[in-house]
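The values are calculated or read from the model by the stated rules, or taken from the named source; none is laboratory data. Predicted model only: the values in this text are computed from it and were never measured. Accessible surface is based on the protein model in full, side chains and every heavy atom, while ligands, DNA and RNA are left aside. Shrake-Rupley method; radii C 1.70, N 1.55, O 1.52, S 1.80 Å.
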Amino acid sequence: QSMGQEHSKSDSSNGSFLNNFRIIKKVQDTQNGEYMVVEDISTKEMLLGQEYSYTNEIDFKNNLKVFEELKEFNVPTVISLKNIHSKIQNEFCSKFFKIYLFTEAYDHTLQVDIQSRMQNMKKLTEFELISFLLDVAQALADLKGVGLAHQDIRTSNIFVSHGRYKLGDPRIFKSSNSFMQVESNFIQVYTNRSSRNPGIYLSPKQLDVQL
């Protein structure tokens, strides 16, 4: 059962598809929730797995269809959705529906990279800076090409993978959907800018904030 060959699989047994993976670790992330770092046993590819649970079969089927369509969006500047598994679980006369998404793994975020560079007094080279700007600009263009606006550009949402800078697909990776939250975060960052507090970077003109 190769990671690149199937879009989804319905499985009524308890997680039998996980036999195809070696679970490296489980991570609880404040931004993206809980996910697994796994290795595909057949391909040795490292992936990130996340579980979505549903109690309504219609919602389950609708979301599964959407995720299968997302898998077709595969560009080098956006973290790609590699595979999907679905499972129907029967418990005490009730049905539970689960979808497991597996995306390509990334090395670390730009935020972690910057923190490491600051600790080691290592600056970005001109080549690295240009590569970063071009990669992110191309990722935004690729997302715009399918009618998507990222809406949550920050150092913790820019991923470093094999020397490339990538964005997460906002339809999979959680982002801030509240404008008031974005505005509040911006004011906080602007007010405390001397502390170099990493966060959301938008100009006052973009938000029309009276500062």
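Worth pointing out:
- Thr125 contributes about 70 Å² of solvent-accessible surface, heavy atoms of the protein only, 1.4 Å probe.
- In terms of accessible area, using a 1.4 Å probe and ignoring ligands and nucleic acids, Ser161, Ser42 rank largest first as Ser42, Ser161.
- Of the cross-linked pairs Lys25/Lys65; Lys44/Lys123; Lys61/Lys87, those separated by over 22 Å at the C-alpha level are Lys25/Lys65; Lys44/Lys123.
- The stretch between Val27 and Lys95 holds 21.8 nm of extra length on full extension. This uses 0.36 nm per residue minus the Cα-Cα distance.
- Largest accessible area first, the listed residues His162, His108, His150 line up as His162, His108, His150 when surface is computed with a 1.4 Å probe on the assembled protein chains.
- Here the Karplus curve 6.51 cos²θ - 1.76 cosθ + 1.60, taken at θ = phi - 60°, turns the phi angles of segment 95-112 into couplings of 10, 10, 10, 10, 10, 10, 9, 10, 10, 4, 7, 10, 6, 5, 8, 5, 4, 5 Hz, with x standing for Gly and Pro.
- Heavy-atom accessible area order for Lys87, Lys98, Lys61, largest first, 1.4 Å probe: Lys61, Lys98, Lys87
- Solvent accessible area, Å² - Glu45, 1.4 Å probe, full protein context: 60
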